[in-house]
Structure formats: structure tokens, C-alpha cells
1. Applying the selection to segment B:66-98, what residues are within 9 Å of residue B:32 (Cβ to Cβ) and out of contact with any strand residue (DSSP E or B) (no Cβ under 7 Å at 6 or more places or on another chain)?
2. Can you tell me which of A:80, A:70 is out of contact with any helix residue (DSSP H, G or I) (no Cβ under 9 Å at 6 or more places or on another chain) and over 23 Å from residue A:42 (Cα atoms)?
3. With the condition kept exactly as written, say whether any residue in segment B:101-110 is free of Cβ contacts under 8 Å to residues at least 40 places away in the same chain and surrounded by 19 or more Cβ atoms within 10 Å (Cβ to Cβ).
4. Looking for something surrounded by 18 or more Cβ atoms within 10 Å (Cβ to Cβ) and within 12 Å of chain A (Cβ to nearest Cβ) - is there at least one such residue anywhere in segment B:66-88?
5. Could you check segment B:9-37 and list, in sequence order, the residues that are more than 10 Å from every other protein chain (Cβ to nearest Cβ), surrounded by 13 or more Cβ atoms within 10 Å (Cβ to Cβ) and not in a strand (DSSP E or B)?
6. Filter segment A:63-101 down to residues that are under 23 Å from residue B:38 (Cβ atoms) and away from chain B (no Cβ under 14 Å), then give me how many there are.
7. It is to be established whether one or more residues within segment A:41-53 are in a strand (DSSP E or B) and more than 11 Å from chain B (Cβ to nearest Cβ).
8. Looking at segment B:89-102, which of the residues that are more than 7 Å from chain A (Cβ to nearest Cβ) and outside any loop (DSSP other than H, G, I, E, B) is nearest to the chain's Cα centre (by Cα)?
């Protein structure tokens, strides 16, 4: 069974600090990796995607992928209280719309 | 237009009712999805449509019936639901040929009484 593992948290960081969110996955054939942010009572919102080993930066967000270790992470720099949400890691198999497996999410709390 | 629109936002229905959830997108996406999400759980895939054809049914009970009338619309018909079917129902869309991630609608909060 394909699994995506995340620490459920909550992960508490002070405002302005770096938040580090981690995710491991079991299927070595996985090719596409995503981070979604979900505020309480709202729907998930795509914030980062990464497809190759290394780092990908977008504003205050950096996604890191290590396929050999089957590990993907999300760094949020200069964390703001508005970043407080649940962050879902999602992993997709090769090819188009193929099924995406979501992790259970990590709840992030940014303390003012 | 970069939105996926779901209606209604909230729905309360009895176990003998028939209702429908609607989803619409105008991003040119040819893959559309229904997900179910219970509190504090990740989204759980129900159905995938690709080019208006049902591609994946995750062994969903027949009381849930999906329909894709055209490339922009996706419906989920509900009949004889159980209280345990109460959840947030999410519609999403994406490119069909490459997975660049989903755009989710705001969801329908369903309560079965």
C-alpha cells in the first residue's frame, strides 16, 4: 500500500522563524510531489510542487526533494501567523492525472 | 478564470432524500475529481473523470453517483445516504496529461440527518 507519512503536530514556531515540515513516502515510483495548505474549515490550496531532486524556491517557501531517501520537505521562512494551517503532503504516480496520495497533514501554529 | 466553483456550500439532507452536488471549472482542465474529507483526516479520493469519462472509482458505494455532462461540469448525485457520509465533499480539477497539481473548489459541507 502506497503511504505518505507526516508528523501530525502541532508544530509551533515563533513569528519570524523558519518552519520545517517533513514528509516521507513509500512508493519509489512516485514522480510528482506537492504541498497543499488547508486552513481550518476550508479547502486545500496548492502552494508548491516539485518533480526533481533538490530545492525549489517560491517566495518564502522552499520545497526540498530527495528521491533516494524518499523524503520531501517544506521550509517556510519568516513565518507569519497567517501561515498557521494544516500542510498536506501529496505524492503522485507517473502519468497525468494518476491517483494522488495525501499525507495526514502537519498542523503548523505560528506564535506572534 | 482560475477557480473551481462548488454549489451548494452547505447541505443538510435526510436519509431518504435525493440531492446533487455541482462543480464547475473554466480553466480548460480535462481531469476532474471528487474527494471526501472527514474532520482531521486527509482528502480521500472517490472518483476521477478524464476527458468526461469515468477513469477511477475507488469502490464508492452506489448511493454516490457521479456524472460529467461536459468538460466544465461535474455532478455528484446523492441518494439514501447514511449519517456517516457526513463530510466535506471537495471537487478538484487538473491537467489530464501532466500532473501539475489540483485546483480545489471550496467544498460542500454535507450533513446527513
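1. Scanning segment B:66-98 gives a single hit, B:71.
2. Numbers: A:80 fails: over 23 Å from residue A:42 (Cα atoms).
Criteria check complete, one pass: A:70.
3. Yes: one or more hits.
4. Scanning segment B:66-88 turns up at least one residue that is surrounded by 18 or more Cβ atoms within 10 Å (Cβ to Cβ) and within 12 Å of chain A (Cβ to nearest Cβ).
5. B:15, B:17, B:26, B:27, listed by residue number.
6. Total meeting the criteria: 1.
7. Initially, segment A:41-53 is screened for residues in a strand (DSSP E or B), giving A:45-50.
Subsequent filtering for residues that are more than 11 Å from chain B (Cβ to nearest Cβ) retains none.
Within segment A:41-53, not a single residue is in a strand (DSSP E or B) and more than 11 Å from chain B (Cβ to nearest Cβ).
8. B:91
Read the figures in this text as sums done on the coordinates, not as results from a lab. Predicted model, so just to flag it, every value in this text is computed and none were measured. Using ideal geometry, Cβ is built from the backbone for each residue, glycine included, and neighbour counts are taken over all protein chains shown.
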